[in-house]
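Okay, so here's the structure we're looking at.
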Amino acid sequence: GDWALGDSARAMGTRTSDQIPAFFRVFATATNDATWRTVRDRSYRIVNALQTTYAPSTGLLPDFAVGLDGTPRPANAGFLEGDNDGKYAWNAVRDPWRLSLDALQTGDARAKDAVTRISRWLKSATGGDAEKTRGPYALNGQALVDYSSLAFAAPFAVAVAAAGEDQAFLDALWNRLKNRAIGGG
């Protein structure tokens, strides 16, 4: 992002939710520029490295990642926005939706693998109870708050849909979403 321009400490960092692989594919097609395919592939390498190394049991991604010139890792607290920069919080909340978009539109196996990790963890963490979704989370799945927000629940529902493994859990998430007033958590 432009927040990294001229800042060597941030230059090798990214907001994980800025990885929009389905759109990178579209950009490559629209511009006939193979660079976008390279960006898409690199995005998936970053996602896989972060999930495998830092969130193997959850698949959650941090708000910000650093070390893109070597080994990607979650950013430290205070990297750009605050204490949750290296956790699954208000920026990373978009990751399940963005990755699911690619899985659903293109069938990309990397996208499906990424969202399936998240979907399986979520069902386990909530015991299949859609009302127990939380967020933000530590990458190990520990809820950092004791409340629920539609901002977290909705992208999780898209991940469960893209994973395609549990219609009953997806239905429960959908019912939770449609029965909540905006701003009602």
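The values are calculated or read from the model by the stated rules, or taken from the named source; none is laboratory data. This structure is a prediction, so every number in the text was calculated from the model and none was measured. Positions of Cβ are backbone-derived with ideal geometry, glycine not excepted, and every protein chain shown enters the neighbour counts. Accessible surface areas use protein heavy atoms only, side chains included; no ligands, DNA or RNA. Shrake-Rupley method; radii C 1.70, N 1.55, O 1.52, S 1.80 Å.
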Wholly enclosed helices (runs of 4 or more DSSP H) of the range 1-84 bearing at least 3 residues in contact (Cβ under 8 Å) with a residue 40 or more places away in the chain: 21-31, 35-54
Is it true that some residue in the range 87-95 is open to solvent by 10 Å² or more (accessible area, probe 1.4 Å) and without any contact (Cβ under 8 Å) to a residue 40 or more places away in the chain? no
Which residues, taken from the range 106-159, are free of Cβ contacts under 8 Å to residues at least 12 places away in the same chain, among the hydrophobic types (A, V, I, L, M, F, W, C) and assigned to a loop (DSSP other than H, G, I, E, B)? V145
Under 9 Å by Cβ, and 6 or more places apart or on different chains, what pairs join a residue from the range 160-174 that is in contact (Cβ under 8 Å) with a residue 40 or more places away in the chain with one that is outside any helix (DSSP H, G or I)? V160/D166; D166/G128; A168/G128; F169/G128; A172/G128; A172/D129; L173/T133
